[in-house]
Ligand code: UDP
């Protein structure tokens, strides 16, 4: 299919762009480069440095590029910042998506794959988390994504939009060749922070909370390789291409690892020792988040290939070693 990828220069978007090209799709990227990197894009694909909130321009590009489906990653995703600046998050995430689906209506593009998050679940009552679990997000970021899922359902019912919403658990890792990877201006995620510590760019890694009701007292998360996430987007797109119905799917490895286990794995993979500090809990962190991804495995045949924790950390390490300064832009 001929697809538009909004946010295609970002961490997850850039991996999806490569997976789409490998699967034989034609890709056009739309990104305002507010957090993305031009260098994360492969050469030779059409790239629009534009903001999705400018609806008329988006409509024009959808028509001119003869787009059949959109994969939508363009969003802000820092939990802490979302609490400080909710207006910015509602404007970019909710406003941006409203603009996108409005442009899609105008250009008669019906298919959308949406980048959602496990943050929509908030503090889950049981694990593994099914798609039918209650959704009570504990932060503004998660709330914007849940509002968007409602918006998509309403557009589907009234105007025939067809969408798949993918709720990611903890995305990590990098393209196995080490050519693209994670480079956030403000890094808050555990795996890249640990590897930056292993590289000597940070003095120590802090463990946020050691008194959770888990085996070793630290939070448990479900880490999923960014390439396995990318593959799921290809399957979701092809599902829509076959005329498949609207769906919401979790994307996780279905295995939980504690913060201490991730640190130990990183020490083993990097063969480097580094300082670890115990710090207070971070506000809004649930103790355990582990997905059930049975639905997408059964319905779309998704099969994670690289989501063993050691493989995730090895791939991320290759990227961080190759590009210690990230994209350097
Ligand atoms: N975490 C930590 N130290 C850090 C960054 C994160 O202990 O410097 C913990 C965090 O409290 C959470 C887990 O690592 O339990 C994963 O956090 P991350 O921000 O990577 O993803 P989130 O689960 O918030 O989406």
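For this structure, a couple of remarks:
- Ordering 312, 45, 220, 52 from the fewest to the most neighbouring beta carbons within 10 Å gives 45, 220, 52, 312.
- Three-way shape call for the stretch 81-150 based on the alpha-carbon gyration tensor, with the a/c threshold at 1.5: oblate
- Each stretch of four or more DSSP H residues adds -39500 (n - 2.57); spread over every residue of the chain, this sum gives -11000 deg cm²/dmol at 222 nm.
- Residue 276-residue 85 FRET efficiency (beta carbon distance; Förster radius 51 Å; 0.05 resolution): 0.95
- Using C-alpha pairs below 8 Å separated by at least 6 residues, the relative contact order for the chain is 19 percent.
- The angle separating the long axis of helix 96-106 from the principal Cα axis of greatest extent in the chain is about 30 degrees.
- Average projection area in nm² (convex hull over Cα atoms of the stretch 26-99, one quarter of hull surface): 5.4
- Ranked 14, 115, 292, criterion: other C-beta atoms within 10 Å, fewest first: 292, 115, 14
- Nearest-ten-degree value, helix 55-64 long axis tilted from longest Cα axis of the chain: 70
- For the chain, diffusion coefficient by Stokes-Einstein and Kirkwood Rh (Cα), 20 °C, 1.002 mPa s, µm²/s: 107
- Inter-probe distance in nm under a simple model that places probes 7 Å from Cα toward Cβ, at residue 186 and residue 123: 2.5
- Antiparallel %, DSSP beta bridges [both residues in the stretch 193-329], to 5: 20
- Considering only the chain, percent of DSSP beta bridges that pair antiparallel, nearest 5: 5
- Counting every pair of alpha carbons in the stretch 46-185, the share spaced more than 28 Å apart comes to 24 percent.
- Förster radius 45 Å - calculated FRET efficiency between residue 56 and residue 213, Cβ distance, rounded to 0.05: 0.30
- Estimated translational D of the stretch 246-326 in µm²/s (Stokes, Kirkwood radius over Cα pairs; 10 °C; 1.306 mPa s): 104
- Cα-only radius of gyration and Dmax that characterise the stretch 93-251, units Å: 18.0, 54
- Taking Cα atoms only, the orientation of helix 226-241 departs from the longest principal axis of the chain by about 20 degrees.
- Binned Cα-Cα distances of the stretch 119-184, short to long, each 10 Å bin given as a whole percent: 17, 36, 30, 16, 1
- Each eigenvalue of the Cα gyration tensor of the stretch 13-56, multiplied by 5 and square-rooted, gives one semi-axis; in descending order these are 19, 12, 9 Å.
- Likely footprinting exposure, 318, 167, fewest C-beta neighbours within 10 Å first: 318, 167
Where a number appears in this text, it was derived from the coordinates with a stated rule and is not lab data. All of these numbers come straight from a predicted model, not from anything done at the bench. No Cβ is skipped: glycine too gets one built from the backbone with ideal geometry, and neighbour counts run over all protein chains shown.
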